[in-house]
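*Asks:* Dropping the structure in here first, questions after.
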Amino acid sequence: MFGDFCFPDGTKPEWSSLSWLQQEFMTWFNAERLKTIITFPVESFALVYKDGKFIDPESAKFVAEEYARGHSFFTYISDSVDSLSSCCRLKNMVQTKEFNFTNGNMGVQTGSKSVITLNLNRIVQDKCKEHNPSERTVWKEEMKEYLINILSRVYKYHTAYNALLHDMFDANLLPVYKAGFINLDKQYLTIGINGLNQAAEFLGISCNDNLDYKEFCQFIFSIIKEQNILHKTKTETYNTECVPAESLAIKNYNWDKEDGYWVPTDTNLYASYIFKPNDKKLSVLGRIKLHGAEYIGEYLDGGSAAHINLEEHLSAKQYEKLLKYAAEVGCQYFTFNIPNSECEKCGFISRIAITKCPKCGSTNISLWDRIIGYLTKIKNWSSGRQIEQKTRVYSKNIENG
């Protein structure tokens, strides 16, 4: 990715030492997770898969083994080294060969400087009501024009905010940018997406592997990507992401419900995935495929992280098979979530779900779901209550488990 890079003294990096360093760090960090519940930094391990195999099989094997050891991190799979991923979802195409510090700020300097999120469920329903409120039908060309009109306003908001940032930069009010740690012109102005599943369901489309849903996802993502390219300037670069939406996922649901829009009854929020997290009929392989090339691919230019929830840790061999399957179907960015347990009395942490602390015998145990990014406390065994905490993604529906 970074060409013939040399250190200031003229020496070149050695892959063996770099590989050792990153594996040692991940092994150490995994051990630290047994001392306290750690959410950040978010680790991503990149693998290159080409011509039916991983270019570096030893790294792929290490990733599978580390997952089996209970570590929580993202895996990014690409067919080349001209792209990378950072944080919880972002996909970046790197067009220049330059050095990138491990903090992710120098060199490539990617990220989002602004996010404006679309509520697709409300947008689709508003367009349908223009025709016949009793019919859930959208004519594609008319829907495309309707969505583009909405996007035109969003781009204006982004342009205004971007101009404000540049004014602040010129006034020396952004010292981190002024010092060169981050570059305003390299960061994205992001179009966020929320309510994808609900918009499809309103139209009578099931959110699983089927032709109608595939066409719906490609249709929505392609329109926004096309407009992102058309609106790009020297100081404004746009991308699209299925954003976590954090508290907005609940607010959108409640606002739509209060305003008389159709909302599902099996969840109390809008999820951030291509699949529905609470769909018990959808297999692990099915979820991975829905985040693959046929549904996301190059249509969703900012990417989307697939959080695959599992009840227990798998073996290294099983993870190897899942990694290969993900690579084959084009699922580029994913992680596996297994509940962790924390004893509220002595602080003992387990990477599996337990009801009684093996260290002190207490039954005051809390279960944590999704250990990278923000957390979700899903249950406290002592009180028997299920608890909602601040979370980046509610990976389980609280009421339905």
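The values are calculated or read from the model by the stated rules, or taken from the named source; none is laboratory data. Computed from a predicted structure; not experimentally measured. Reconstructed Cβ throughout: ideal geometry from the backbone, glycine too, with neighbour counts over all protein chains shown. Surface areas here come from the heavy atoms of the whole protein model, side chains and all, with no ligands, DNA or RNA. Shrake-Rupley method; radii C 1.70, N 1.55, O 1.52, S 1.80 Å.
*Asks:* For residues in segment 1-40 being part of a loop (DSSP other than H, G, I, E, B) and among the polar types (S, T, N, Q), which is least open to solvent (accessible area, probe 1.4 Å)? Before you say what the answer is, go through the steps one by one.
*Replies:* The initial filter retains those residues of segment 1-40 that are part of a loop (DSSP other than H, G, I, E, B), namely 1-14, 33-40.
Right, trim to among the polar types (S, T, N, Q) and you get 11, 36, 39.
Details: T11: 66, T36: 71, T39: 31 Å².
Going through the qualifying residues, I end up with T39.
*Asks:* Residue by residue through segment 267-288, note down the ones that are among the charged types (D, E, K, R) and either closer than 17 Å to N121 by Cβ or more than 15 Å from the chain's Cα centre (by Cα) (or both).
*Replies:* K276, D279, K280, K281
*Asks:* Is segment 143-165 home to any residue that is assigned to a loop (DSSP other than H, G, I, E, B), open to solvent by less than 20 Å² (accessible area, probe 1.4 Å) and at pLDDT below 95? Before the answer, list the steps.
*Replies:* If we filter segment 143-165 for residues that are assigned to a loop (DSSP other than H, G, I, E, B), which is where we start, we get none.
No, that holds for no residue.
*Asks:* Which numbered condition trips up P244, out of (1) open to solvent by less than 10 Å² (accessible area, probe 1.4 Å); (2) within 26 Å of Q125 (Cβ to Cβ)?
*Replies:* The number of the failed condition is (1).
*Asks:* Mind checking which residues of segment 43-67 are surrounded by 17 or more Cβ atoms within 10 Å (Cβ to Cβ) and of a type in the set (A, V, I, L, M)?
*Replies:* Answer for segment 43-67, where residues must be surrounded by 17 or more Cβ atoms within 10 Å (Cβ to Cβ) and of a type in the set (A, V, I, L, M): A46, L47, V48, A60, V63, A64.
*Asks:* For segment 335-357, give me the residue count where each residue is charged (D, E, K, R), in a loop (DSSP other than H, G, I, E, B) and buried (at least 17 other Cβ atoms within 10 Å of the Cβ). First the steps, then the outcome.
*Replies:* Kept after step one, since they are charged (D, E, K, R), are these residues of segment 335-357: 342, 344-345, 351, 356.
The next check asks that each one be in a loop (DSSP other than H, G, I, E, B); those that pass are 344-345, 351, 356.
Retained after the next criterion (residues that are buried (at least 17 other Cβ atoms within 10 Å of the Cβ)): 351.
Count: 1.
*Asks:* Here's a follow-up. Please identify the pairs in which a residue from segment 310-338 that is under 12 Å from L285 (Cα atoms) has its Cβ atom under 9 Å from the Cβ atom of a residue that is part of a loop (DSSP other than H, G, I, E, B) and among the basic types (K, R), counting only partners at least 6 apart or on another chain.
*Replies:* Note: no pairs meet the criteria.
*Asks:* Kindly establish whether Q218 is in contact (Cβ under 8 Å) with a residue 24 or more places away in the chain, open to solvent by less than 50 Å² (accessible area, probe 1.4 Å) and either among the hydrophobic types (A, V, I, L, M, F, W, C) or within 24 Å of K129 (Cβ to Cβ) (or both). Before the answer, list the steps.
*Replies:* Details: in contact (Cβ under 8 Å) with a residue 24 or more places away in the chain: yes; open to solvent by less than 50 Å² (accessible area, probe 1.4 Å): yes; either among the hydrophobic types (A, V, I, L, M, F, W, C) or within 24 Å of K129 (Cβ to Cβ) (or both): no.
Against the criterion (in contact (Cβ under 8 Å) with a residue 24 or more places away in the chain, open to solvent by less than 50 Å² (accessible area, probe 1.4 Å) and either among the hydrophobic types (A, V, I, L, M, F, W, C) or within 24 Å of K129 (Cβ to Cβ) (or both)), Q218 does not qualify.
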